[in-house]
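Written out below as structure tokens is the structure these notes cover.
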Amino acid sequence: MKHILFFILFLLLSVGCKSKKDLNTSIIHSPKKELSVKEIQTWYQKDEVLDGIPGISLDKWYASNKKKPKNKNIIVAIVDTQIDKNHEDLKGQFWTNNKEIPNNGIDDDQNGYIDDTNGWSFTGTKSGSYVVWNRYEFVRIVQEWDNLFRDKTESQIDSKDLWKFKEYQRALKTFEEKNKYYRRWFKSLNYKVKLYPIAKDTLKYFFPKENYTYKQLDSLYKKYKTSDKEFWQRRDDDDKDLGALIGSMIANLDMQQYTLEKIQDQQTQLDSIVHKNLNVNYNERLSIGDNPNILEKGYGNNKISNTIEGVRTIQDHNTMVSGIIAANRNNNIGIKGITDIKIMPLNISPSGDEHDKDIAMAVRYAVDNGAKIINMSFGKEFSMHKDWVSEAFKYAEEHNVLLVHSAGNDSENLDKVFHYPNDQNYEGIRGICNNFISVGSTTKNLGEKLVSDYSNYGKENVDLFAPGEDIYTTGAGNIYKTDSGTSFSAPMVSGTAAIIWSYYPNLTAAQVKQIIMDSGTAYNFEVILPGTKDKKVPFSELSKSGKVLNVYNAMQLAKKIR
């Protein structure tokens, strides 16, 4: 922004889940224009008033806190992908099952899982590896329910199966659209791979040093091209005229796919999407050896790390999420996690959609093995066994465990569309449990661009926002990286809940949820609605609380109602 804006911050602290309230506090502040490299890496931990950066006021709380936690054994379950167990900034941060003797092939604690010393991989295979590709849930629905509903009308469906029928219809439409889209894209990439070496060699005639620019290629293309209609027709027919060759290179530059390696990598990814994610006949559970339609313990394996020898695809989502919460704050390397707790990795997320069975069993495992908070930075459009997940959520509620879920990255209003898992019934009404928090994503920009343009939102079904854009964190392979998504907003809330419980262990999950929502920072201005270019709405209308996570305020409020 070209000039400094002034905003008024209304900070409303509600005492407990009841009706007591503090006095409103109005603060005049201004955003910081330019951030240093260090501030860019740690912006989400900053304070909007002290630093001019709309973070979660974590540094402010640590600077003011003089007390030691009452409970140093808080466990946060990370239900996610495989994790880099050997990362330098996560060493010593893993939960250990002391009742289990490592690698003796015996279920020593009789919890149904053999040698689960640090967590469990519900996508682990019988050979000791892990599943890399899952089908999308809408593909599984088409495969499972096709015989029930194919070519039938709503009047032919029993009332008890009506919701299934409607989901099948929605899934079938989605499958047909996605299948057509990805197959065309895959065909296009195959053409590019075949054409690339010919085009590269041909262009050497015009540019011996291969130092051509987009503008130069465009000029050359206009000179030699055929008509657009003929070009695309010939492209499908594997034509290799000069116009097609130049056009293919222009497309590569335009899509930043200049090298053959980049195109081939995308080709490999799309091959798996077409032949695995979208393949009705692909069965990802064969290597696991379980029945995905039966709830049971013990399937999978204890290999939670992504460093298994021979597995080509490296998954690092869990590593990034875990680093935000629990990266060592005292080792003077890498980053500082939100708090000093133990993480319990539970693997359920290959590329594709998670199975409801794995979600439900991971939640139950976390509860049964002492997790206080369950972070779920994943989501999907469909849910075949929503009842299994709902029952697991209620089980967590009964055991006073908090569930934190990322709102998703589709720029959608979750009051109008379903996003799973959630705490709603089949009619879309919230209330199956009161221990579930849905979190949207914010940026480091004060003002109209505060909300990430990809973030889902919803006055009823998103509870609050937290930083999720340009987050610097740990990555698989013992690296550090920057990434964005509501996946990184959720662990901000999980880490905050862990701090609250570390100091006030007698609070209930419902109280912790309400403290986090009530104590957030309220911004009294309009923001650009995600998914639009310039439509503005009050920030307060995009979530139930209308606020952004604030650790300092949360701890002040928790102290009053402990």
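Filter region 66-83 for residues that are in contact with a helix residue (DSSP H, G or I) (Cβ under 8 Å, 6 or more places away or on another chain) and modelled with pLDDT under 95 and give the result. If the condition is that a residue be in contact with a helix residue (DSSP H, G or I) (Cβ under 8 Å, 6 or more places away or on another chain) and modelled with pLDDT under 95, then K67, P69, K70, N71, K72 are the ones that fit. The residue that is surrounded by the fewest Cβ atoms within 10 Å (Cβ to Cβ), counting only those in region 376-406 that are outside any loop (DSSP other than H, G, I, E, B) and within 16 Å of the chain's Cα centre (by Cα), is K380. The single condition among (1) farther than 17 Å from F436 by Cα; (2) surrounded by 22 or more Cβ atoms within 10 Å (Cβ to Cβ) that I373 does not satisfy is (1).
Of all residues in region 529-556, those that are of a type in the set (K, R) have Cβ atoms under 6 Å from Cβ atoms of residues that are at pLDDT 95 or above and crowded, with 22+ Cβ neighbours inside 10 Å, 6 or more apart or on another chain, in K544/D463; K547/L464; K547/G520; K547/T521. Just checking, which of D356, D340 is modelled with pLDDT under 95 and of a type in the set (D, E)? Checking each option against the conditions leaves just D340. Taking residues in region 352-369 that are more than 21 Å from N97 (Cα to Cα), and partners anywhere that are aliphatic (A, V, I, L, M), the pairs with Cβ atoms closer than 7 Å and at least 6 places apart or on different chains are E354/I348; D356/M384; D356/V389; K357/L295.
Within region 460-497, the residues that satisfy the criterion of being buried (at least 24 other Cβ atoms within 10 Å of the Cβ) and part of a strand (DSSP E or B) are L464, F465, A466, P467, I471, T473, T474.
Which of the residues belonging to region 52-75 are β-branched (V, I, T) and farther than 21 Å from L557 by Cβ? Spell out the reasoning first.
Pass one, region 52-75, residues β-branched (V, I, T): 53, 56, 74-75.
Once the filter is applied, which keeps residues that are β-branched (V, I, T) and farther than 21 Å from L557 by Cβ, region 52-75 yields I53, I75.
Considering only region 491-525, state which residues are of a type in the set (D, E, K, R) and more than 27 Å from N318 (Cα to Cα). Of everything in region 491-525, just one residue is of a type in the set (D, E, K, R) and more than 27 Å from N318 (Cα to Cα), namely D518.
The values are calculated or read from the model by the stated rules, or taken from the named source; none is laboratory data. Keep in mind that this is a model prediction, so the values were computed, not measured. A quick note on method: Cβ atoms are made from the backbone with ideal geometry, for glycine too, and the neighbour counts reach across all protein chains shown.
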